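Worksheet for the structure shown next.
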Amino acid sequence: MEKLNEDLNNGIVPPELDFSNKLQESNIDWNKVLYNSFYRSYEFYEKRYAKEIAGIPGFDQVVRDLVETKEEKKIDPLTEYNNRISEHNIDGKIISDTVLQPTCGSEGER
């Protein structure tokens, strides 16, 4: 804190307080930048299913068809999630994510 105050008193803006639009190459998370491309990939949908299902013959074709369908209909994960909410929101009541868990294809354990 003393260093920050000293820098400010000397007319120096410390990096911690520099909120300008200067991008530093080392701080960019390229996985977040490439998200729009990633959720249209085979690997994104493959990870949504349990490893036991992945061994079934023809699984790769099912996933490829799923990717193509999502691409054709321009369905991204947010749209898919919102569609699930609207299906369960019949009475205009607010629902929690626990209602959606049995229908969501997720990577985690339940």
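What is the sum of charges around Asp76, taking Lys and Arg as +1, Asp and Glu as -1, for the other residues whose C-beta is under 11 Å from the C-beta of Asp76?
Values: positive: Arg40, Lys70, Lys73, Lys74; negative: Glu71, Glu80.
Cβ neighbours under 11 Å give a net charge of +2.
Can you tell me the FRET efficiency between Asn31 and Ser86 if r is taken as the Cβ-Cβ distance and R0 is 22 Å, rounded to the nearest 0.05?
Taking R0 as 22 Å, the efficiency between Asn31 and Ser86 is 0.15.
Within the set of other residues whose C-beta is less than 11 Å from the C-beta of Asp65, count the net charge using Lys and Arg as +1 and Asp and Glu as -1.
Combined, the nearby Lys, Arg, Asp and Glu give -2.
Contour minus end-to-end for Asp65 and Ile53, with contour as 0.36 nm per residue of separation and end-to-end as the Cα-Cα distance?
Here the answer is 2.7 nm.
Any read-out appearing in this document is the output of simple, stated calculations on the displayed coordinates, not a laboratory observation. The model shown is predicted, which means the values in this text are computed figures rather than measured ones. Neighbour counts run over all protein chains shown; Cβ positions are idealised from the backbone, glycine included.
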